[in-house]
Amino acid sequence: MTLTSPPPFDSELSAVLAGMAGAVPPAVTPEMVPALHEAFLAGLPSDEQLAGEGAFEIHERFVPGPQDAPDIALFIASPAGLVGQRPVVYHTHGGGMMIGNNRLGLGDPLEWALELGLIVVSVEYRLAPKHPFPAAMEDVYAGLLWTAEHAEEVGGDPHRIVLAGGSGGGGLAAALALVARDHKGPRPIGQILMGPMLDDRVDTVSAQQMAGIGVWDRTSNETAWTALLGEKRGSADVSPYAAPARAADLSGLPPALLDVGSVDTLRDETVTYATRIWQAGGQAELHVWPGGFHGFDFYAPQAVLSQDVRAARLHWLRRLLGE
């Protein structure tokens, strides 16, 4: 097919994007990753800010990692004064699996926790390229095992765990649902996949449309997948636990919420993943937000479209939990 121009950006987001020019480049190359990682860490809120003037009780806990690997840091937050065993949001942070830590991207999970009375557990994992696949997946699965086994210690319900992640963390959350299913591990009751990285092949129409445009373009995606998989990227020898789009069977997964912007490199793989869940007899809700670039709700939280997407996520989670 003839490649067309991408859909237009939302007018409000377009102005935000113009203001971000230079600070957030469309294309991330390997040599840029260390500086971007440090910049993201420097911009993260402090633990005092995350605690919201006493709204949350927070602490960090180190738990056993995979065999022969370091312990894993879990950031744990619960609304102050919470009583009884409450559902748990198990969060895998974004950053293309190359950037960030367990404090990145907590805006949504903490909002859900405050509104619905939930426990948030955000997991630290080893980053590519220093630690290629399967390091990150092994870390987040080990953290999930601990969370399910010890949920009651932090006020959580081990039978009501929801996976959530955005971008690279969304891909990890999707892969984690596959691992838990296949290894007969903890059975999450839902998965929230926000602009998820699902496919290492980077060959969709949306990936081609977004070359050099917006945030996290085709080059950025190739940089991240190559960091994770090396020479295997795009080959037949890629595990679905690295790239969930490679999974032959998407049956038996927990209900999923998937959302993505229409001007996002990851648009088409997200739409395809939701479609394949339906085709496998599963439950999925899909939102494609018109004019949204990758991570628009993170970069422009006050935009009307960002408010809409946050409201939709909260509404879906409220329905899932029946609260």
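Values for this structure:
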item: Residue selected from region 65-113 under the condition more than 17 Å from residue 196 (Cα to Cα) and among the charged types (D, E, K, R), by the criterion nearest to the chain's Cα centre (by Cα); result: 103
item: Within region 122-143, tally of residues that are in contact with a strand residue (DSSP E or B) (Cβ under 8 Å, 6 or more places away or on another chain) and under 19 Å from residue 196 (Cα atoms); result: 6
item: Lone unmet requirement of (1) crowded, with 23+ Cβ neighbours inside 10 Å; (2) touching a helix residue (DSSP H, G or I) at 6+ places or on another chain (Cβ under 7 Å); (3) farther than 25 Å from residue 245 by Cβ for residue 171; result: (3)
item: Residue check for residue 212: over 21 Å from residue 139 (Cα atoms), out of contact with any Lys or Arg (no Cβ under 7 Å at 6 or more places or on another chain), touching a residue at least 60 places away in the same chain (Cβ under 8 Å) and surrounded by fewer than 21 Cβ atoms within 10 Å (Cβ to Cβ); result: yes
item: Members of region 166-189 that are on the phi < 0 side of the Ramachandran plot and small (Gly, Ala, Ser); result: 166, 168, 169, 170, 171, 173, 174, 175, 177, 180, 185
item: Criterion: outside any loop (DSSP other than H, G, I, E, B) and charged (D, E, K, R) - qualifying residue of 157, 200; result: 157
item: Qualifying residues in region 223-243 (those that are among the polar types (S, T, N, Q) and over 12 Å from residue 133 (Cβ atoms)) - the one surrounded by the fewest Cβ atoms within 10 Å (Cβ to Cβ); result: 235
item: Test: residue in region 295-307 that is closer than 26 Å to residue 32 by Cα, under 16 Å from the mean Cα position of the chain (by Cα), of a type in the set (Asp, Glu) and crowded, with 19+ Cβ neighbours inside 10 Å; result: yes
item: Which listed residue, of 8, 70, is within 28 Å of residue 174 (Cβ to Cβ) and of a type outside the set (Phe, Trp, Tyr); result: 70
item: Members of region 1-31 found to be closer than 21 Å to residue 103 by Cα and more than 20 Å from the chain's Cα centre (by Cα), listed by number; result: 23
item: Any chance residue 78 is in contact with a Gly (Cβ under 6 Å, 6 or more places away or on another chain), within 20 Å of residue 44 (Cα to Cα) and hydroxyl-bearing (Ser, Thr, Tyr); result: yes
item: Condition check for residue 121: assigned to a strand (DSSP E or B) and free of Cβ contacts under 8 Å to residues at least 60 places away in the same chain; result: yes
item: Verdict on residue 178 being out of contact with any Gly (no Cβ under 9 Å at 6 or more places or on another chain) and either part of a strand (DSSP E or B) or more than 23 Å from residue 60 (Cβ to Cβ) (or both); result: yes
item: Search result, residues across region 1-46 that are over 28 Å from residue 203 (Cα atoms) and free of Cβ contacts under 8 Å to residues at least 40 places away in the same chain; result: 15, 19, 38, 39, 42, 43, 46
item: Of the criteria (1) under 19 Å from the mean Cα position of the chain (by Cα); (2) buried (at least 23 other Cβ atoms within 10 Å of the Cβ), which one residue 246 fails; result: (2)
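A quick yes/no check of all residues on (1) under 29 Å from residue 288 (Cα atoms); (2) at pLDDT below 95; (3) under 19 Å from the mean Cα position of the chain (by Cα); (4) not hydroxyl-bearing (Ser, Thr, Tyr):
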| position | (1), (2), (3), (4) |
| --- | --- |
| 140 | yes, no, yes, yes |
| 177 | yes, no, yes, yes |
| 189 | yes, no, yes, yes |
| 204 | yes, no, no, no |
| 212 | yes, yes, no, yes |
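Okay, residues lined up against (1) over 21 Å from residue 93 (Cβ atoms); (2) touching a residue at least 40 places away in the same chain (Cβ under 8 Å); (3) of a type in the set (Lys, Arg):
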site: 177; (1), (2), (3): no, yes, no
site: 220; (1), (2), (3): no, yes, no
site: 223; (1), (2), (3): no, yes, no
site: 231; (1), (2), (3): yes, no, no
site: 234; (1), (2), (3): yes, no, no
site: 252; (1), (2), (3): yes, yes, no
site: 255; (1), (2), (3): yes, yes, no
site: 263; (1), (2), (3): yes, yes, no
site: 268; (1), (2), (3): yes, yes, no
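The values are calculated or read from the model by the stated rules, or taken from the named source; none is laboratory data. This is a predicted model, so every value here is computed, not measured. Glycine also receives a Cβ, built like all others from the backbone with ideal geometry; neighbour counts cover every protein chain displayed.
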